[in-house]
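Down below is the structure, laid out as structure tokens.
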Amino acid sequence: MLMSETYIRIEREKAKLFLYCSGHWTLDSAHRITKAMTRIQLPPKARCVIDFSGVEGFDTAGVLLLLDLQEALHKQGKLCDLTGLSEKQQKILELVKRGYSEAPLPQRGEGILERLGRTAYEELQVFRDFLTFLGELSARTFGLFLKPGNFRFKETAYHIEHSGVDALFIIALTSILVGLVIAYESLVQLAQFGADIYVVDGIGISITRELGPMITAIVIAGRSASSYTAEIGTMRLTEEISAMRTMGFDPFYFLVIPRIVALMLALPLLIFFSDVMGILGGMLASKAQVDISYSFFLQRLQEVLEAKQYILGMIKGPFFALIIAATGCFHGFRVTGDTESIGIETTASVVHAIFFVIACDALFAVIYTQLGY
């Protein structure tokens with residue numbers, strides 16, 4: 001005897017192996033029978049005979065288990081005969097086989113609540129991992145105060161140029177167009193009341209407090225967050241990060257902190273640049289639409305726009321930069337498996353970065369309102 005199990009007993013008789021099945025092959029015992037089947041170890045090139053005469057109880061679950069057993073033996077290249085079935089068992093087996101061959105059971109469709117629950121659970125898992133990432137980032141940042149020599153100035157300067165200077169053109173173009181749109185839409189309404197001059201107030205305050213920082217952050221989120229994710233994700237696939245750890249280099253000091261610091265330094269300046277370009281677009285639209293001269297526009301702007309409006313907008317810059325850079329780097333470290341993962345995580349990094357930026361801007365709006373700004 002080679003093996004003894006409650007539901008399957010294996011014995012060798014001459015050139016054949018007999019699998020003697022016994023017990024109740026029903027739904028209640030399906031789990032135990034499955035475990036017994038997984039433990040079966042048979043020698044190669046053996047002819048098998050499944051003897052079902054000892055089975056006391058049998059239902060459709062037992063039929064499926066029997067079919068699974070036959071399929072497993074066939075995959076191992078073993079010839080398999082079936083014997084000992086009663087007339088009732090034979091009818092059940094034929095009925096199930098015929099039903100499978102004629103019309104396979106349809107797959108149960110996924111319900112909307114199931115999809116919603118799984119999506120919510122996955123997003124909570126991502127958020128939990130992001131908080132863990134922020135904790136590691138805080139620990140490494142604190143370590144820089146103890147060992148300032150670990151800070152990478154060269155990499156930081158490179159990312160200031162790559163994420164800041166190289167983004168000036170697209171930010172200028174976007175801000176000018178937004179300024180034009182705001183001016184044209186405002187003038188259409190204000191002209192009905194003869195209050196064209198107040199377009200200067202609306203453009204100056206709205207762009208410096210809200211639109212300038214928001215436009216800049218969204219452009220940088222789409223440009224830099226995706227870039228960070230793709231760069232770090234590619235390094236993950238090529239195992240460069242594993243090689244860095246093997247050589248004793250901390251990826252946070254070389255890959256994460258320089259990008260975050262660079263963006264936190266560059267974004268406030270980019271916001272100021274966006275404010276200037278947005279106001280320029282509004283000034284061009286005002287001149288074209290209602291012939292407000294440039295000198296009068298600038299004089300009125302100087303009267304109504306205080307320096308604190310620029311400052312209130314630029315204060316948001318480091319917070320937006322931290323969110324964008326941390327999100328991009330975080331999703332880069334989540335890349336696994338293949339290049340498809342890079343595309344998935346890059347898309348997720350941009351979506352999450354923009355969402356967190358908008359949420360942060362809403363929080364600033366509440367804070368400024370409560371403080372009377």
Check: In a shell of Cβ-Cβ distance under 15 Å around SER86, excluding SER86 itself, what net charge do Lys and Arg (+1) and Asp and Glu (-1) give?
Finding: -3
Item checked: Loop chymotrypsin sites (Phe, Trp or Tyr not before Pro), the stretch 147-228, which have at most 16 other Cβ atoms in a 10 Å radius of their Cβ (DSSP) -> PHE151
Item checked: Rounded accessible area per residue of the stretch 149-209, 1.4 Å, Å² -> 54 Å²
Check: Given a 1.4 Å probe and the protein chains all in place, what does the accessible area of MET247 round to, in Å² to the nearest 10?
Finding: 130 Å²
Notebook entry, point to check: Percent relative contact order of the chain, based on C-alpha pairs within less than 8 angstrom and at least six residues apart?
Noted result: 17 percent
Check: So, counting K/R as plus one and D/E as minus one, what does the shell of residues with Cβ under 15 Å around ARG223 add up to?
Finding: -2
Checklist line | Of all accessible heavy-atom area on the chain, the percent that carbon and sulfur account for (1.4 Å) | finding: 63 percent
Margin query: I'd like to check one number: the per residue accessible area of the stretch 300-373, probe 1.4 Å, reported in Å² as a whole number.
Written below: 49 Å²
Check: So what's the gap between the Cα centers of the stretch 319-349 and the stretch 207-273, to the nearest angstrom?
Finding: 10 Å
Note to self: Could you sort LYS78, LYS97 by their accessible area in this structure, using a 1.4 Å probe and putting the largest first?
What the structure shows: LYS97, LYS78
Notebook entry, point to check: Which whole-Hz ³J(HN,Hα) couplings does the stretch 198-206 yield from phi under the Karplus relation 6.51 cos²θ - 1.76 cosθ + 1.60, θ = phi - 60°, glycine and proline marked x?
Noted result: 6, 5, 5, 4, x, 5, x, 6, 5
Next item on the list: Hey, can you grab everything whose amide H is under 5 Å from the amide H of LEU42? Only 5+ residues off in sequence or another chain; H modelled, so Pro and N-termini drop out.
Entry: none
Check: Relative contact order, percent, of the stretch 192-295 when contacts are C-alpha pairs under 8 Å separated by at least 6 residues?
Finding: 48 percent
Margin query: Using a 7 Å offset from the Cα along the Cα-to-Cβ direction at both LEU64 and ARG32, what is the distance between the two label points in nm, to one decimal?
Written below: 1.9 nm
Next item on the list: List the residues whose amide H sits under 5 Å from the amide H of ILE50, counting only those 5 or more places along or on another chain, with H placed 1.01 Å from N in the peptide plane.
Entry: LEU19, ASP81, LEU82, THR83
Next item on the list: Taking just the C-alpha trace of the stretch 264-332, give me its Rg and Dmax in Å.
Entry: 16.2, 50
Note to self: Taking every DSSP beta bridge with both residues inside the chain, roughly what % is antiparallel (nearest 5)?
What the structure shows: 40 percent
Check: Out of (1) 23.0; (2) 26.8; (3) 20.8, which label holds the value of Kirkwood radius over Cα pairs in Å that was computed here?
Finding: (2)
Margin query: Can you tell me the orientation of helix 307-333 relative to the chain, as the angle in degrees between its alpha-carbon axis and the longest Cα principal axis, to the nearest 10?
Written below: 20 degrees
Checklist line | Potential lengthening between GLN125 and PHE151 on full extension [0.36 nm per residue; Cα-Cα distance subtracted] | finding: 6.3 nm
Next item on the list: Report the calculated FRET efficiency for GLN189 and MET247 (r = Cβ-Cβ distance, R0 = 51 Å), to the nearest 0.05.
Entry: 0.20
Next item on the list: Give me the number: length gained by fully extending VAL290 to LYS88, i.e. 0.36 nm times residue separation minus the C-alpha to C-alpha distance, one decimal in nm.
Entry: 63.4 nm
Item checked: MRE, 222 nm, helices only [DSSP H, n ≥ 4, -39500 (n - 2.57), over the chain, to nearest 500] -> -23000 deg cm²/dmol
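The values are calculated or read from the model by the stated rules, or taken from the named source; none is laboratory data. Predicted, not measured: the structure shown is a model, and the values here were computed from it. When we count neighbours, we look across all protein chains shown, and the Cβ atoms used for this are built from the backbone with ideal geometry, even at glycine. Ligands, DNA and RNA are excluded from the accessible area calculation, which covers all protein heavy atoms including side chains. Shrake-Rupley method; radii C 1.70, N 1.55, O 1.52, S 1.80 Å.
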